[in-house]
1. Only loop residues by DSSP count here, and only those with at most 11 other Cβ atoms within 10 Å; note down the trypsin sites (Lys or Arg not before Pro) in region 14-43 that meet that.
2. Dividing the convex hull volume of the Cα atoms of the chain by its residue count, what figure in Å³ per residue is obtained?
3. In vacuo Debye scattering of region 391-436, one point per C-alpha: log10 I(q)/I(0) at q = 0.18, 0.20, 0.26 Å⁻¹?
4. Counting only other residues whose beta carbon sits under 9 Å from that of D84, what net charge do I get with K and R as +1, D and E as -1?
5. Quick one: compute the contact order of region 280-409, relative version, from alpha carbon pairs under 8 angstrom and 6+ residues apart, as a percent.
6. What whole number of Å gives the distance from the Cα centroid of region 367-400 to the Cα centroid of region 38-78?
7. How high is the relative contact order of the chain? Use alpha-carbon pairs under 8 Å, at least six apart in sequence, and give a whole percent.
8. Residue by residue through region 8-19, what is 3J(HN,Hα) from phi via Karplus (6.51 cos²θ - 1.76 cosθ + 1.60, θ = phi - 60°)? Round to whole Hz and write x for glycine and proline.
Amino acid sequence: MFNDEILNLIENILKDQEIYLVGGYLRNYFLNQEISKDRDLVCLDGAKETAKKIADTLNGTFIELDKENEIYRVVLKDKENYFDITNALEKDILKDAKRRDFTINSIYYNLNKKEIFDPFEGILDIKNKIIKTIDLKNLDDDSLRYLRMYRFMSKTGFAIEKELENYSKNNFKKVLLSAKERINYEIIKIFEGEFLTETLLKMFDNNALEIIFPFIKEIKRIPPNSHHHLDLVHHSIETVKNIRTNNPLLKIAALYHDIGKPSTWTIEPQGRHRFIGHDIKGSEIAKKELNDLKFSNKQISYITKMIKYHIYPASLINCSDNKKAYARFIRKLGDDTPDIIELSRADRLSAQGEAVSKEMIKMALEHLENLLNYYREIQSIIKNPKTLLDGREIMDILKIPPSKKVGIILLELKEAQLAGEITTKEQAIDFIQKQSR
């Protein structure tokens, strides 16, 4: 904190005032995590004047967030660093601390006296790795806190105090009183966490997961079967666990990837469970739920694309002409190719029933690795495609008018080019002539 250049720049403004740094900045400091770029300041009085002084000194933008509750924001020029400034409750720092959500967020630092004020032993709770509330009733002051508790679990791996966990379990539905946009923010933060799997399992055990994601009520009806050693909820969470990237949207897609199974579930006479078309159906069902949760159109497009194509990579394993099939797959998925392959890999690892041999799993993983390597190999062609023949030339060579056929030939030509079958104009001409016979 002493080395924080931004805090040092406003040191003169804060002289002769009782001003405290509080919240996530201090929590991250004591967790030895990256220091937050948002700094929460609490004044005993004069929050508005202090905010304006900070804005003037740092050439930032002053914003009045909440006139009634006197909450102000100063956004700095880089648009990343900002201050949120407010007055202490009843001008009393202890009363202000008592209203906060969790003890790990009720640590204060007096910027003038250079002293820590920690009335509810938040630092000790950080040391003991536990999430506790100051007063259980504080959760109802802002019902989003019921969900935020799990965000802190996902980010820190801390255990939730039993009393707090039980109280939350009985009252979690209140979180739905919060604006969907705020719920969405917490969901993303949860899926960014290092301890996401443990958090999802805890949320499921406490019935919180199905309150946030209603589809969980449906998929938990699907039991283990000969191709899945886990029930569908735990298979989905295991798939999330097996995702190796830090992409929260891909992990959300992993949780959702089998959402279409309940509506496509059949059991054959010999006892095999089938879910034909669950990938297509799932992408359609997920769209509505994701929209209700206020994901953006771009995010929804990405997640539903992952769901729709999550079994596509595995379907290529028995293709007689792998390179051409690979090229067709890559052309269709574009830049999302590696993510689809990663989801397919995670799905494969999470389904290991009695009818699935170790050799089958090994073969599938090798196939997916080959597909990913092929994608990497042809990046130069994808990013800088060499046009061997254009539409006009194709029409002249084949003596055909403008039509859909020209577009189809262009796509087939590109696939053959990606597959490495043609590299010259002469080969391209020979290719389209053979295709048109």
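FYI, it's all coordinate maths here, none of it is from the lab. Worth saying up front: this structure is predicted, and the values here are computed from it rather than measured. Here the Cβ positions follow ideal geometry from the backbone for every residue, glycine too, while neighbour counts run over all protein chains shown.
1. Details: sites: K15, R27, K37, R39; in loops: K15, K37.
Sites meeting the loop and neighbour criteria: K15.
2. Values: hull volume 87.8 nm³, N = 437.
Measuring per residue, one finds 201 Å³ for the Cα hull of the chain.
3. -0.47, -0.58, -0.95
4. Values: positive: R39, R73; negative: D38, D40.
Residues near D84 contribute 0 overall.
5. Working: 66 pairs, mean separation 26.4, N = 130.
Computed value for region 280-409: 20 percent relative contact order.
6. Each part's Cα centre sits 55 Å from the other's.
7. 9
8. Here the 3J(HN,Hα) series is 5, 5, 9, 4, 5, 5, 8, 4, 6, 10, 8, 10 Hz.
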